[in-house]
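Structure record follows, encoded as structure tokens.
Taken together, the values in this text are just the output of simple stated rules run on the coordinates, not laboratory data. As the structure is a computational prediction, the values presented were derived from the model and not from experiment. Every residue, glycine as well, gets a Cβ built from its backbone with ideal geometry; the counts of neighbours run over all protein chains shown.
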Amino acid sequence: MTVEDRYEQIWIKPVIRIGVITMLLAVVLSFGPLAYLYIVHGILPDWPTALAAWGLVAATFGAFYIVEPVSYYPILGLAGTYISFLSGNISNLRLPCAAMAQDVVGVPEGTRKGEIIGTMGICGSVVVNLLGATLAAFIGSWLIGILPEIVAEAFKIYTAPAIFGAVFGQFSLKEPKLAPFALGIPLILLYLNVAVWIVILAAVFGTVAIGRVFYMKNIIS
Amino acid sequence: MEAVLKVANEFGVWVCAGALVSVALIQVILYYRQLFKAAEVVEVSRDDLKLAFRTGAVTAIGPVIAIFIIMVGLMSVIGGPMAWMRLAVIGAAPTELTAATLGAEAAGVEFGGEGYNLQVMAVSWWTMAINGAGWLLFVGLFCHKLEDLREKAGGGNPVWLGILSVSAMLGVFGFLNSRYIIKMGGPLLAVIFGAIAMIVLVKISRKVPAIKEYTLGIAMLIGMFAATILS
């Protein structure tokens with residue numbers, strides 16, 4: 001068997017199988033609490049209201065169901081995408097952890113080694129996340145009680161922008177010529193009040209397109 | 001609302017939530033094992049795998065503290081089990097709250113306000129589940145197609161594939177940062193100091209490799225610290 005075939009057999013096929021089963025299982029289990037409400041308390045939303053609610057969220061978030069997986073895929077890879085979209089918190093947790101794992105071990109992005117290492121980094125983040133969330137569920141209120149207000153607020157409000165800035169800084173070092181475009185495109189579009197899902201697509205594929213042009217013209221390598 | 005939250009916190013709901021959280025845990029365990037097998041094929045060492053896991057875990061500590069704090073807040077609004085289920089798995093707090101609120105709106109009631117009874121809570125729960133299902137279904141059914149797409153876009157050229165990945169990452173985070181930059185104030189400071197701190201730390205870590213694992217975590221803390229003090 002060639003390396004290609006072995007990679008297909010040992011990685012790609014099992015990853016897809018595990019991924020499809022767990023994602024679909026998760027869809028079903030998401031409705032568990034609703035089923036509980038019906039079985040134990042006899043409560044069920046009526047169809048018109050349920051459909052109206054569905055319409056509202058689909059209109060609000062529908063584009064993201066597609067745009068986010070497509071945009072994050074190049075970095076997350078195959079298994080990384082299955083894991084990240086099940087466990088959530090992708091931009092503030094999975095992406096940074098995948099990127100850091102790749103940098104610390106020293107493998108290039110977009111390669112097979114990169115994918116394996118990045119995915120392992122994501123696994124690390126999931127374990128810590130599940131531990132933290134479970135801790136919060138059971139002793140969260142008590143722990144928060146003993147934390148100084150200013151610290152809790154700082155974590156709540158500033159973690160996301162700080163980590164987004166840090167990851168942007170990390171990747172700016174890799175391709176400094178592309179960084180201004182990656183920031184400029186969304187800034188301008190947001191200022192012009194363009195719809196958010198379009199801004200994501202423009203920022204990601206715009207930067208990739210400029211990257212392509214620069215690469216072809218040997219401005220970057 | 002009190003009565004509604006009582007039901008939301010019942011043992012049966014914890015069990016339902018636990019079932020979904022278990023799937024996430026099982027998925028990670030299965031992938032973890034597969035990674036060790038795949039590593040042999042692409043010649044990645046076991047030590048590197050362990051380092052990758054540890055780096056991911058350490059880097060996760062900061063953001064997970066934030067998720068912890070947000071989750072405790074969410075628990076008082078949608079109950080413990082649902083907050084646990086939606087934040088350990090699938091969701092981000094703003095998305096879940098928006099879904100729950102839209103559900104209440106569809107039922108003609110303000111979320112958590114007057115008339116928010118069990119019937120309306122059921123609609124909120126339905127809305128959160130069906131919203132989350134959107135991402136789960138798309139990824140479950142089409143993720144393997146995205147792999148085909150990436151291979152086509154890469155064209156078998158590893159240098160270009162690397163540039164593509166970095167460009168995509170820059171684009172994603174350029175977008176994420178731009179939302180905070182436009183807001184100005186504290187979040188803007190967090191972005192700026194986080195970015196500068198990271199750049200400095202990465203340069204230091206090239207001479208002092210021991211701190212590499214911690215650079216992102218430290219940069220994040222510096223960004224938060226600066227924003228808190230200066231705003």
One finds the C-alpha centres of the range B:104-182 and the range A:139-182 to be spaced, in Å, by 20
The correct pair for the range A:41-162, radius of gyration to one decimal and Dmax as a whole number, both in Å and from Cα atoms, is 18.6, 56
Highest mean packing first, using Cβ neighbours within 10 angstrom, the peptides B:22-30, B:170-178, B:118-126 sort as B:170-178, B:118-126, B:22-30
Least to most buried among B:114, B:43, by other C-beta atoms within 10 Å and fewest first, runs B:114, B:43
Per the charge dipole of the protein assembly as shown (beta-carbon charges, Lys/Arg positive, Asp/Glu negative, Cα centre), the residue among A:123, A:58, B:154 reaching farthest to the positive end is B:154
Shielding of A:66-73 by other chains, given as the mean Cβ count within 10 Å, works out to 5
Treating only Lys and Arg (+1) and Asp and Glu (-1) as charged, each at its beta carbon, one finds that chain A has a dipole about its Cα centre, in Debye to the nearest 20, of 420
Computed on Cα atoms, Rg of the protein assembly as shown relative to 2.2 N^0.38 Å comes out at 0.95
To the nearest 20 debye, chain B has a Cα-centred charge dipole, built from +1 on Lys and Arg Cβ and -1 on Asp and Glu Cβ, of 840
Assertion target for A:123, A:97, B:16, ordered by fewest C-beta neighbours within 10 angstrom first, is B:16, A:123, A:97
Least to most buried among A:68, B:40, by other C-beta atoms within 10 Å and fewest first, runs B:40, A:68
Expected max-MSF residue from B:38, B:88, B:52 in the GNM of chain B (alpha carbon, under 10 Å) is B:38
A correct Stokes-Einstein calculation for the range B:156-231, using the alpha-carbon Kirkwood radius, 37 °C and 0.692 mPa s, returns a whole-number D in µm² s⁻¹ of 239
In the range B:12-162, taking the dipole from +1 charges on Lys and Arg beta carbons and -1 charges on Asp and Glu beta carbons about the Cα centre, the listed residue (B:34, B:84, B:118) farthest towards the positive end is B:34
Connecting every pair of Cα atoms under 10 Å apart in chain B and solving the GNM, the largest mean-square fluctuation among B:56, B:155, B:194 falls on B:155
Rounded to the nearest 10, the angle in degrees between the Cα long axis of helix B:118-154 and the longest principal axis of the Cα atoms of chain B comes to 20
Using alpha carbon centers only, the range A:121-136 is separated from the range B:1-67 by a whole-angstrom value of 5
Checked against a 21 Å limit on the C-alpha separation, the offending pairs among B:50/B:152; A:174/B:203; A:113/B:203; B:183/B:203; A:113/A:174 are B:50/B:152; A:113/B:203; B:183/B:203
Dividing the helical contributions, -39500 (n - 2.57) per DSSP H run of n ≥ 4, by the residues of chain B yields a 222 nm value, nearest 500 deg cm²/dmol, of -29500 deg cm²/dmol
Summing -39500 (n - 2.57) over every DSSP H run of at least 4 residues in chain A and dividing by its residue count gives a helix-only mean residue ellipticity at 222 nm, to the nearest 500 deg cm²/dmol, of -27500 deg cm²/dmol
In degrees, nearest 10, the alpha-carbon axis of helix B:93-106 is tilted away from the dominant principal axis of the alpha carbons of chain B by 30
For chain A, the longest principal axis of the Cα atoms and the Cα long axis of helix A:13-30 enclose an angle in degrees, to the nearest 10, of 30
If N is the residue count of chain B, its Cα Rg over 2.2 N^0.38 Å rounds to 1.23
